[in-house]
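Peer 1: I have a structure I would like to understand better, so I am pasting it below and will then ask my questions one at a time.
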Amino acid sequence: MLKKNSRPIFSDRGFTLIELMVVIVILSILAVWVAPKIMGRPDQAKQVKAQVDIQGLETALKLYKLDSGMYPTTEQGLEALVTKPDAGQVPKNWRTGGYIEKGKIAKDPWGNEYVYISPGMHGDFDITSYGRDGEPGGEEFDKDINNWEIE
């Protein structure tokens with residue numbers, strides 16, 4: 001029991017040098033072990049975002065076809081989802097306001113345009129993001145992301 005004016009035994013005691021060194025060593029080990037695992041995640045997240053964007057474009061294209069009976073041509077491009085085409089086969093029942101919620105075709109996560117081809121070589125249309133390098137082909141994070149390969 002403490003007397004009225006006595007101080008607690010551990011009142012102003014700080015950490016010892018050894019305790020600080022142990023904490024620094026533990027944090028260093030964690031940083032060396034965890035940092036490489038975290039570093040690869042941003043590119044992986046961008047690949048997933050590109051896949052989700054492509055699936056959203058596919059849905060918008062299917063709605064476009066429901067209204068107009070056809071997909072936009074390669075020349076009309078994905079822009080036909082936000083602006084009524086005035087060249088080629090002009091859809092009669094194009095939805096006022098377009099088929100993309102924000103009224104703008106987003107670029108892929110690396111800042112490049114999605115490549116749209118209709119009719120496609122793998123289906124009614126092909127949508128591709130060339131990945132991090134912006135060039136056809138590539139491996140790992142430079143690998144192309146194609147709508148016909150997304151499950």
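Peer 1: So how many residues does the stretch 27-66 have that are modelled with pLDDT under 90 and more than 24 Å from the chain's Cα centre (by Cα)?
Peer 2: 7
Peer 1: For the stretch 76-97, which positions are farther than 22 Å from D144 by Cβ, surrounded by fewer than 20 Cβ atoms within 10 Å (Cβ to Cβ) and either at pLDDT 90 or above or touching a helix residue (DSSP H, G or I) at 6+ places or on another chain (Cβ under 7 Å) (or both)?
Peer 2: Within the stretch 76-97, V82, T83, K84, P85, P91, K92, N93, W94, R95 qualify.
Peer 1: List pairs: first in the stretch 95-106 and under 7 Å from V82 (Cα atoms), second in a loop (DSSP other than H, G, I, E, B) and among the aliphatic types (A, V, I, L, M), Cβ under 7 Å, 6+ apart or cross-chain?
Peer 2: Listed pairs, sorted by first residue: G98/V82; I100/V82; G103/V82; K104/V82.
Peer 1: Find the residue count for the stretch 125-151, including only residues that are surrounded by fewer than 16 Cβ atoms within 10 Å (Cβ to Cβ) and either within 18 Å of E79 (Cβ to Cβ) or of a type in the set (F, W, Y) (or both).
Peer 2: So the answer is 2.
Peer 1: If H122 meets every condition in (1) part of a helix (DSSP H, G or I); (2) touching an Asp or Glu at 6+ places or on another chain (Cβ under 9 Å) apart from one, which number is that one?
Peer 2: Every condition holds for H122 apart from (1).
Peer 1: For the list (1) under 25 Å from the mean Cα position of the chain (by Cα); (2) crowded, with 16+ Cβ neighbours inside 10 Å; (3) under 16 Å from L63 (Cα atoms), I need the number of the one condition that G103 fails.
Peer 2: Just one mismatch for G103, condition (2).
Peer 1: Given I105, I54, which one is closer than 26 Å to G134 by Cα, among the aliphatic types (A, V, I, L, M) and assigned to a loop (DSSP other than H, G, I, E, B)?
Peer 2: Testing whether each residue is closer than 26 Å to G134 by Cα, among the aliphatic types (A, V, I, L, M) and assigned to a loop (DSSP other than H, G, I, E, B) leaves just I105.
Peer 1: Another question, if that's okay. Return the residue satisfying two criteria in turn: it lies in the stretch 39-75 and is in contact with a helix residue (DSSP H, G or I) (Cβ under 6 Å, 6 or more places away or on another chain) and under 19 Å from F141 (Cα atoms), and of such residues it is surrounded by the most Cβ atoms within 10 Å (Cβ to Cβ).
Peer 2: Checked the stretch 39-75; the qualifying residue surrounded by the most Cβ atoms within 10 Å (Cβ to Cβ) is I54.
Peer 1: Looking at T128, T96, T83, can you tell me which residue is outside any loop (DSSP other than H, G, I, E, B), polar (S, T, N, Q) and at negative phi?
Peer 2: Just a single option satisfies the conditions, and that option is T128.
Peer 1: Moving on to the next point. Does Y116 meet the test of being within 30 Å of E139 (Cβ to Cβ) and among the aromatic types (F, W, Y)?
Peer 2: yes
Peer 1: Exactly one condition in (1) surrounded by 10 or more Cβ atoms within 10 Å (Cβ to Cβ); (2) in contact (Cβ under 8 Å) with a residue 12 or more places away in the chain is false for E113; which is it?
Peer 2: E113 satisfies every listed condition except (2).
The values are calculated or read from the model by the stated rules, or taken from the named source; none is laboratory data. Note that the coordinates shown come from a computational prediction; the quantities given were computed from them, not determined experimentally. A quick note on method: Cβ atoms are made from the backbone with ideal geometry, for glycine too, and the neighbour counts reach across all protein chains shown.
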